[in-house]
Amino acid sequence: MKACKLSSLAIGLTYASFAALTLFNWLATTLPLGLKAIAKLAWLTIPGDLGLSVSLLTVALLFLSSAYFDPGTVKGAASMLVGCIVGVAVLAMQLLVVAAGVADAALTCLAGEAAEYALSEGLLRPDVLLGLGPLALTPYSWRRAKSLVEAPQGSIATY
Amino acid sequence: MVKVALAGNPNVGKSAIFNELTHGRAWVGNWPGVTVEKKVGRAKINGLDLEVVDLPGIYGLTAYTVDELIARNYIVEEKPDVVVDIVNASNLERNLYLTLSLLEMGINLVVDLNMIDIAESQGYRVDSSKLSRLLGVPVVATVATKRLGIDGLRKAIAEALKRRGEARRIVDYGPKVEEAVARLQSLIESRPELRSLYNPRWAAIKLLEGDQNVEERMRGYASGVEVVSLAGELRAMLEEELGVDLESWMVERRYEAASRIAQACLVQVKPRALTFTDLVDTVVTHKVLGIPLALTTFYMIFQFAFSVSAPLSTLIDWLFGGLLYDAVKGSALPELVKSLIADGLITGIGSILVFLPPIAFLFLAVSALEDVGYMARAAFVVDRVMYRFKLSGRSMIPLILGLGCNVPAIMAARPIEDENDRKATVLVAPCISCSARLPVYVVLAGAFFAGYVGSVILGMYVLGVAVALLLALVFRKTLFRGPSTGFIMELPPYMVPSTSNVAIKTWERTKRFLYKAGTVILLGAMAVWLLSVTGPSGYLGPSALEDPMLLESSWMGILGHALEAVFKPMGWDWRAAAALLFGFVAKEVVVGAMAIMYGVSEEGLSAALRSSFTPLTSLAYMTFVLLYVPCLATVAAIKGELGWRYAALAIAYELALAYVAALSVIGLGLLLGVS
């Protein structure tokens, strides 16, 4: 359980850091505050997107809440499960956006126009890479939640 | 045709049962006189063709809310052969109130005990045989989401069709009230014209409750006046004797009966265990975590709707702006006809149809989240915010509906009991960004904020909600003063969405957009084309659409130039100003009008707009489109709900607000050094 708590804390803090970075980039690219956006961190693209920043912050809050309440408790297990669901959903959404971008570029080329799509920029993003953490934790958090609840088991035959 | 009606509280799985019975063979219309959705489908049971009607989700059969009035008017006037009352087994007591109300009407009832799996996970099961015995009607168990028990329900309906309904006296209102009911009942029974109107016992009960709708209908007959007058006397006498409001007293007796029956039929099989819904709700409805979670959900909905649907929009644009347009332009048709079809119809309709994918994807995501049970939670979480703006939590549902279309949003405000809350909700509902405004955001955000389209569009939606809430506060503190009422809402258990349910809901909602594209938007596109190729000097020819100088001498050019001065501080050119005029007919037409006036397709429109707008002026334009005059249908809905005075107020305040807001965006941007 301690390892689980530490994993939640680590994931939460990493998400919070990237939420702050994307928020910084959004402020830097939107308002003339004289800030210089951090477009790349090593090979990772950091978008300046307020919506993404809120999403990353939400996942961060959920994992930090899980670490705070302890994943062994109802609140802790629920926070971890919802954190995993949201983290994986954000990852899946970006993969869908990338797939749509590729398809869009292909269709535009088919229509006889020039089009390009930077696949690496779409994939090497914090929402994609950080999403692997919640993805790995999902089976555990699901089992943990299931052990705490009773599944609906109605049978028509008994009526 | 044999008629079967489905009744039940909201969120009991009525739609899922409807879809199972009809296999999706359904169509959607409106109930007469109102824009409340009416779903009708066809089913076949034992070789019999049935018309299945999905009644609105209701808690009782009073005349206070439009939904309850619709349901009971349908039962009274259409006299369905069987009514299936869908009861949530995990919330038996509350659901039985409606069952008892339906039984009092003397209808042929079948009780469908749905969600028995949820009930069992909560530690109890319902003794369906005992329930059937106590109610005197067949009771069948189902789990609609897992398609369990549907055959049993079909059999029960088939059996019920062989018998007739009869009024059952399950609720005992006490000797004095029962005596009054009997007196009125026998008087009604002795008058054939009144007897055929309603079930006599039910009518007697409703008259004693002071139901104005029943009184009005009774007064339509000479003998009815006598009955209504006697009911008034009896009510006054009973209220004096009992020392209470008679209607509340009778409602309480019904609740007592529902509670007694529920207690008798519930069998505790194990202590109530923690359910999955309980567990997840500790986070999802949490006062701190719930808000960012709701924002993230909405952000993902917008990403899904606008970024993931993009290839389909490209495909439609290619078909309309490329293949079809070129085919017509290259045909041997006369020049005038070619221009009307290619520049008017294909460009106008095509530039709107490219928004079909984002709109369909948006509805798909919302329908799936509704089925999962999340949308009710989002409303619950946001309710805390609503209260701070002196708006009832009941206003949340109309405002959420406004995201689709403002007209049903305004109609959905009817059940709000507090008149001040209702009026404020109706007046601010048009500020909520409906799907018709989406095309403008998509084009402008795509042209100037590539990579952040989802965030910019979400920003416009948030701005709409913020303005609506602030205005509500202003209205509630000035025009409609008074305290705010509370909000009670049932949160359905989380469920895996049914694919067919989600697909049907998405199609029904998207169909309306398609219908509009084929009617209002088509006419709008033709009008824009006509005003662009004609002018004071007569017919200018299709070349006006390609020659900016010639276009400026068209009616559209003259109109646009007249408006240009008004919008000069915002930096919009005459074509952008003229396009706004068409938004009054339907907001979707704005983009179509722009495409025609700039002489380009939707893809080309983004490039054309880049030469006429800057990121700042485009943001101001989006703000103006978000807030300026509601479309004609919305104005008509406001007039219908509050009268001409308030409809005129809505037009005036929205125009002024939009202008000030757009100007503020420009001013603020310039102050911050943004261009």
### Query
What is the order of B:275, B:314, B:519, fewest Cβ neighbours within 10 Å to most?
B:519, B:275, B:314
### Task
In Å³ and rounded to a whole number, note down the convex hull volume per residue for the Cα atoms of segment A:2-149.
124
#### Entry: Shielding by partners, peptide B:110-117 (average Cβ within 10 angstrom, other chains)
2
## Note on the structure
Placing each pseudo-label 7 Å from Cα in the direction of the beta carbon, residue B:462 and residue B:48 end up separated by a distance in nanometres of 5.6
#### Entry: Average silhouette area of segment A:1-67, convex hull of alpha-carbon atoms, in square nanometres
4.8
### residue B:225 versus residue B:274: modelled label distance in nm, points set 7 Å from Cα along the beta carbon direction
6.8
### Query
In a GNM of chain A with a 10 Å cut-off on Cα contacts, which of A:149, A:54, A:74 has the highest mean-square fluctuation?
A:149
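Partner chain Cβ atoms within 10 Å, averaged over the residues of B:290-300 - can you pull that number for me? Mind showing how you got there, number by number?
On the way: counts 0, 2, 9, 9, 1, 6, 12, 4, 2, 10, 9.
Across the residues of B:290-300, the mean count of other-chain Cβ atoms within 10 Å is 6.
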#### Entry: Nitroxide proxy distance, nm - points 7 Å out along Cα→Cβ at residue B:2 and residue B:508
2.4
### Query
So what are segment B:111-224's ellipsoid semi-axes, whole angstrom, largest first, if each one is the square root of 5 times an eigenvalue of the alpha-carbon gyration tensor?
37, 17, 13
### Message
Which of rounded, prolate or oblate describes segment B:329-479 when judged by the alpha-carbon gyration tensor and an a/c cut-off of 1.5?
### Response
prolate
### Query
Hey, what does the equivalent ellipsoid look like for the protein assembly as shown, semi-axes from the Cα gyration tensor as sqrt of 5 times each eigenvalue, largest first, whole Å?
50, 36, 25
### Message
Given Cβ point charges of +1 (Lys, Arg) and -1 (Asp, Glu) and nothing else, what value in debye, to the nearest 20, does the dipole of segment A:2-149 about its Cα centre take?
### Response
820
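Give A:5/A:75; B:14/B:206; B:38/B:505 a once-over and call out the pairs whose C-alpha atoms are over 18 Å from each other. Please report the intermediate quantities before stating the final value.
Details: A:5/A:75 13 Å; B:14/B:206 27 Å; B:38/B:505 13 Å.
In this structure, B:14/B:206 lie more than 18 Å apart at Cα.
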### Task
Only bridges with both residues in chain B count here: give the DSSP antiparallel percent, nearest 5.
45
### Message
Taking each residue in A:100-107, count the Cβ atoms of any other chain within 10 Å of its Cβ, then average. What number comes out?
### Response
5
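Output the direction-averaged projected area (hull surface divided by four) of the convex hull of the alpha-carbon atoms of segment B:211-346, in nm². Don't skip to the answer; put the middle values down first.
On the way: hull surface 90.1 nm².
About 22.5 nm², averaged over all directions.
For the protein assembly as shown, what proportion of DSSP beta bridges, expressed in % and rounded to the nearest 5, is antiparallel?
Details: 20 of 41 bridges.
Here the antiparallel bridges make up roughly 50 percent for the protein assembly as shown.
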## Note on the structure
Among B:608, B:550, B:279, the residue whose Cα sits farthest towards the positive end of the charge dipole of the protein assembly as shown, when +1 is placed on the Cβ of each Lys and Arg and -1 on the Cβ of each Asp and Glu, is B:279
### Task
Please work out the FRET efficiency for the pair residue B:419 and residue B:332, using the Cβ-Cβ distance as r and a Förster radius of 56 Å; give the result to the nearest 0.05.
0.30
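What are the equivalent ellipsoid semi-axes of chain B, built from the alpha-carbon gyration tensor (square roots of five times its eigenvalues), in whole angstrom, biggest first?
On the way: eigenvalues 529, 144, 133 Å².
Values for chain B, descending: 51, 27, 26 Å.
By per-residue mean of other Cβ atoms within 10 Å, what is the highest-first order of B:43-51, B:468-476?
Details: B:43-51: 14.8, B:468-476: 19.9.
Output ranking for B:43-51, B:468-476: B:468-476, B:43-51.
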#### Entry: chain B: relative contact order in percent, alpha carbon pairs under 8 Å with at least 6 residues between
11
### Message
On a straight-distance basis, which lysines could pair with residue B:423 in a cross-link, Cα separation under 18 angstrom, same-chain partners fewer than 8 positions away excluded?
### Response
B:390, B:477, B:639
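Every read-out reported here was derived from the displayed coordinates using simple, explicitly stated rules and does not represent laboratory data. These numbers come from a predicted model, not from an experiment. Every residue, glycine among them, receives a Cβ derived from its backbone with ideal geometry; neighbour counts consider all protein chains shown.
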